[in-house]
Amino acid sequence: MSIDLSQFHQSFFEESSERLQEMETALLALDPAAPDEELINTIFRSAHSIKGAAGTFGFTDIGEFTHLLETLLEEVREASRTIDDDAVSTLLESVDCLKVLLDAERDGTDKDHEQIDTLAQALRELIEGEGAGGDPAPVTDEGAAPAEPAAPDEACFEVRFAPHTQLLITGNEPIRLIRELGRNATATAQVHPATIPAFASLDPVECHLAWTIRVQGDVTEEAIREVFEWVEDECDLEVENLTAAAPTDANDTKDETDSAAAPTPASEAAPAETPVESAPETAVAEPSATPVSDPAPAPDKAPVAEKAAKPAAPTDAKKAAPKAPASASAPSKPKETSIRVGIEKIDDIINIVGELVITQSMLSEVGEDFDMSRIENLKSGLVQLQRNTRDLQEAAMRIRMLPIGFAFQRFPRMVRDLAKKLGKQIRLELSGEQTELDKTVMEQIGDPLVHIVRNAVDHAIELPDERTASGKNPEGTIHLSASHQGGNILIQISDDGRGLDTEKILGKAIERGLVDPSEASELDESAIFRLIFAPGFSTAEAVSDLSGRGVGMDVVRRNIKELGGSVDVHSELGKGTKITISLPLTLAILDGQLVRVGDQIYVVPLVSIVESLQIAADNYNRIGRNGEVYNIRNEYIQIVRLHDAFGIPTSSDDIMGKLMVVVEDNSGKAGIVVDDLLAQQQVVIKSLETNFQKVLGLAGATILGDGTVALIIDVEGLIRLSKTTPHKTPRAASTEEPAAEGGAE
Amino acid sequence: MAKILAVDDSVSIRQMVEFTLKSAGHEVVLATDGTEALDVAKTRSVDLVLTDVNMPQMDGITLIRELRGLATYKFTPMLMLTTESSPEKKQQGKAAGATGWIVKPFNPDQLVATIARVIG
């Protein structure tokens, strides 16, 4: 039977990545001083599982490498070795190395043998260093070393097989064993009802028979003994070579118990720790397949043979490292991405689709011979259709939703490594890992998060001495949390480090020309904090190799903006900093407030709207020549006239009594003057950039129920835009411009 | 043609075992660990149990011991899928009542051949 194993490779890669992640998580949680047994077990099982599957699917490099890991972990598990921080580091590096190996196998790219060998060597040293001798020589197994000389075509053996009485209760059957002997040879069995007890005392589950079997054909003693391998302790077995020209094989009458299990000191057998262990064991090979002089047990195990040659010189592993022949120059394949979806999510969709079908048949029945009397049926059918569609949409979106834990999972490792490098003590706390968000959003939030966490480790958390001196716990804490808030997901990164120094920030901002010195005194605390997101601002006193990579917080904010999210920072000097990122759950759909301006309809993202009100003359103020502000409960906010911003003709310049939508953004609040407030609804975002170009003040477009196109307002962009196109009085209300052009400057 | 209960916590191995055994004409029931396998085995009868050793919840050796304790599985062949080459693991398995073992890594042909040894 030929089965193409490559069809299982994708599963193997996915599964192994998950295992590696489990390993990493467990390793990071492991306290070397008091190792938790369950954690060790998890780590061991992961390595073990990867090894088993890697070997089966022919990834010998991975199998070999994980064998070392497994050997080491086995000792830890058996408590015959202690584990220290350095060993954990080596294990973590090994996890990294395996990830690289897996990627290389998947993409068919070259592997970094140097790194593998270095690490393999480090693992061997760990294993030999302490647990030397504790590891049973795994390589040498009976099948691996066919010490038997070439058998003549026609060999003849006499097998005397006397099962112990308990043989049957392990599910073994003498008749099957005898049948197996006859599979590739002629076997003639003769039964000896030697010790059958009296009927009264006969226990039917006991075996009281013995056999003499004559095996003739192309067989070896090796192959015969292998048939009895599983029952070697439950029977008396003698194999006698009756072949006339029997070669000198002294084992003939030796008792099976030691000959079968004894390690064979064959020349290719490697030192104790070598990773070939199970591969050559031919417990399951056809007896006839047992090779005569080749160390490889079966022809389809060619990679194993290669491998068997390698451990002969474990200290000089580099030169012997075998290379998978196919991987040498194969072009990198595009990565297949897939997500795992819980079955209940699929079931939901199937359910809803079922309901949709019912609704559809109901509607088509209404439509069959329609008259006005059935209008109520039509209406209720449409309501149902609407509900089904919304449910289906939500259920379909949920498929793309993944727990944010996937984005968080890299941090424990990163924080540990960075903290170690910097000599800091940092504890990372995670919460809300189960919070789900769209896969695309998650992929894109990864880098900004890394940057923020790195900043926290690098700049915010002080060195232990400094912390102790200021009366803090020498161990700093960084807390990463996620939660849902309305249609958004909130991610908070808080630390108990030194906090942001407003004076320092202000000083630097003035120095960099980001703030006019004369305005400096007017900035409140939160405005100053927001300066760290300004382009060209960096608080790092020296560019470190951790954070100072030319990517500042401005890029972080830009990335978050592009996802339709916002970022905010709160800090208290000496106490810590908290950065809050708010992201939409998905990029495809937005809750919007429809507003009318002139004959145009715009969509304002509901999340940015604080309130809507009618403009009252009392609260209206004019500042300078062009500025207009509105006083809401003693807070002055800028007024943005959409007519002006987008060049829409309006009948009257007077805004008194009109409606104003108050929106809030990172840069503050603003009031958008509109002609009318329409419905609130979910809109599907269509990108403008794909078909046109980026337009300041607009986040995209959508298609409304009646087929018209409505533009979606980008609040922050609009505020910026309105600053450059202030309202001029008296207004030169003449030029009729298309809406989009007003922003295309 | 036999009904085989295959137990492994590794998805890829499960897929491979299932595919191989089905190709060889067997009926396959899958379980992801010992606990699940035990539940499955109690609710239906199988002709052969093929189990991984290292699994969360309940390992393969415990599973074999539990199954052997059940009247319906007294003589059912049970094979361990193991990467452990150390004789101790095999002995532990034997002591628990395992019929035999298949050493990982194995290829589909080996799997089918080994299974042929203990059924029929």
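Candidates are the residues of the stretch A:590-632 that are more than 17 Å from residue A:675 (Cβ to Cβ) and basic (Lys, Arg); the one that is most open to solvent (accessible area, probe 1.4 Å) is A:625. For residue A:16, the test of being outside any helix (DSSP H, G or I), out of contact with any His (no Cβ under 7 Å at 6 or more places or on another chain) and within 9 Å of chain B (Cβ to nearest Cβ) is failed. Checking A:522, A:503 one by one, the residue that is loosely packed, with under 13 Cβ neighbours inside 10 Å and more than 24 Å from residue A:454 (Cα to Cα) is A:522 and no other. Across the stretch A:633-649, the qualifying residues are those that are open to solvent by 60 Å² or more (accessible area, probe 1.4 Å) and within 23 Å of residue A:697 (Cα to Cα), and the one among them that is modelled with the lowest pLDDT is A:649. Could you please find all residues in the stretch A:27-52 being among the aliphatic types (A, V, I, L, M) and under 21 Å from residue B:32 (Cα atoms)? Within the stretch A:27-52, A:39, A:40, A:43, A:47, A:50 meet the criteria. Does the stretch B:85-95 contain any residue that is open to solvent by less than 10 Å² (accessible area, probe 1.4 Å) and either at the interface with another protein chain (Cβ under 9 Å from one of its Cβ atoms) or assigned to a loop (DSSP other than H, G, I, E, B) (or both)? Scanning the stretch B:85-95, I find no residue that is open to solvent by less than 10 Å² (accessible area, probe 1.4 Å) and either at the interface with another protein chain (Cβ under 9 Å from one of its Cβ atoms) or assigned to a loop (DSSP other than H, G, I, E, B) (or both), so the answer is no. Among the residues of the stretch B:28-76, those that are in contact with a helix residue (DSSP H, G or I) (Cβ under 8 Å, 6 or more places away or on another chain), of a type in the set (D, E, K, R) and either within 12 Å of another protein chain (Cβ to nearest Cβ) or surrounded by fewer than 17 Cβ atoms within 10 Å (Cβ to Cβ) (or both) comprise B:52, B:59, B:65, B:68, B:74.
For (1) more than 19 Å from the chain's Cα centre (by Cα); (2) within 14 Å of chain B (Cβ to nearest Cβ); (3) at pLDDT below 85; (4) surrounded by 19 or more Cβ atoms within 10 Å (Cβ to Cβ), each residue gets a yes or a no:
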position: A:4; (1), (2), (3), (4): yes, yes, yes, no
position: A:12; (1), (2), (3), (4): no, yes, no, yes
position: A:20; (1), (2), (3), (4): no, yes, no, yes
position: A:34; (1), (2), (3), (4): yes, no, yes, no
position: A:72; (1), (2), (3), (4): yes, no, yes, yes
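Is it true that residue A:34 is on the phi > 0 side of the Ramachandran plot, free of Cβ contacts under 8 Å to residues at least 24 places away in the same chain and not basic (Lys, Arg)? Against the criterion (on the phi > 0 side of the Ramachandran plot, free of Cβ contacts under 8 Å to residues at least 24 places away in the same chain and not basic (Lys, Arg)), residue A:34 does not qualify. When residue B:63 is tested against (1) assigned to a helix (DSSP H, G or I); (2) free of Cβ contacts under 8 Å to residues at least 24 places away in the same chain; (3) over 23 Å from residue A:7 (Cα atoms), just one condition goes unmet, and that condition is (2). Residue count for the stretch A:167-216, restricted to those that are of a type outside the set (Ser, Thr, Tyr) and assigned to a helix (DSSP H, G or I): 13. Restricted to the stretch B:1-12, and to residues there that are over 26 Å from residue A:42 (Cβ atoms) and part of a loop (DSSP other than H, G, I, E, B), the residue that is farthest from the other protein chains (Cβ to nearest Cβ) is B:1. Restricted to the stretch A:370-423, and to residues there that are assigned to a loop (DSSP other than H, G, I, E, B) and under 25 Å from the mean Cα position of the chain (by Cα), the residue that is surrounded by the most Cβ atoms within 10 Å (Cβ to Cβ) is A:404. Sub-7 Å Cβ pairs linking a first residue in the stretch A:383-400 that is over 27 Å from residue A:434 (Cα atoms) to a second residue that is among the small types (Gly, Ala, Ser) and open to solvent by 60 Å² or more (accessible area, probe 1.4 Å), at least 6 apart or interchain, number zero. When residue B:23 is tested against (1) hydroxyl-bearing (Ser, Thr, Tyr); (2) more than 7 Å from every other protein chain (Cβ to nearest Cβ); (3) more than 27 Å from residue A:167 (Cα to Cα), only condition (2) is not met.
Tell me whether the stretch A:470-480 contains one or more residues that are within 18 Å of the chain's Cα centre (by Cα) and closer than 15 Å to residue A:578 by Cα. Yes, because at least one residue in the stretch A:470-480 is within 18 Å of the chain's Cα centre (by Cα) and closer than 15 Å to residue A:578 by Cα.
With respect to (1) in contact with a Gly (Cβ under 8 Å, 6 or more places away or on another chain); (2) open to solvent by 40 Å² or more (accessible area, probe 1.4 Å), the lone exception for residue A:652 is condition (1). Is it the case that residue B:15 is crowded, with 19+ Cβ neighbours inside 10 Å and at the interface with another protein chain (Cβ under 7 Å from one of its Cβ atoms)? Taking the combined requirement at face value, the residue does not satisfy it. Of the listed requirements (1) under 40 Å from the mean Cα position of the chain (by Cα); (2) modelled with pLDDT of 85 or more; (3) among the charged types (D, E, K, R), residue A:694 misses just one: (2). Candidates in the stretch A:128-182 are the residues that are modelled with pLDDT of 50 or more and not assigned by TED's automatic domain parsing to the domain that holds residue A:219; of these, the one that is least open to solvent (accessible area, probe 1.4 Å) is A:129.
Mind checking which residues of the stretch A:341-354 are open to solvent by less than 90 Å² (accessible area, probe 1.4 Å) and in a helix (DSSP H, G or I)? Hits for the stretch A:341-354 are A:345, A:346, A:347, A:348, A:349, A:352, A:353, A:354.
Among the residues of the stretch B:102-120, the ones that are free of Cβ contacts under 8 Å to residues at least 40 places away in the same chain, open to solvent by 10 Å² or more (accessible area, probe 1.4 Å) and facing chain A (nearest Cβ under 8 Å) come to 6 in all.
The values are calculated or read from the model by the stated rules, or taken from the named source; none is laboratory data. Remember, predicted model here, so these are calculated numbers, not experimental data. Using ideal geometry, Cβ is built from the backbone for each residue, glycine included, and neighbour counts are taken over all protein chains shown. Heads up: the accessible areas ignore ligands, DNA and RNA and are worked out on the full protein's heavy atoms, side chains in. Shrake-Rupley method; radii C 1.70, N 1.55, O 1.52, S 1.80 Å.
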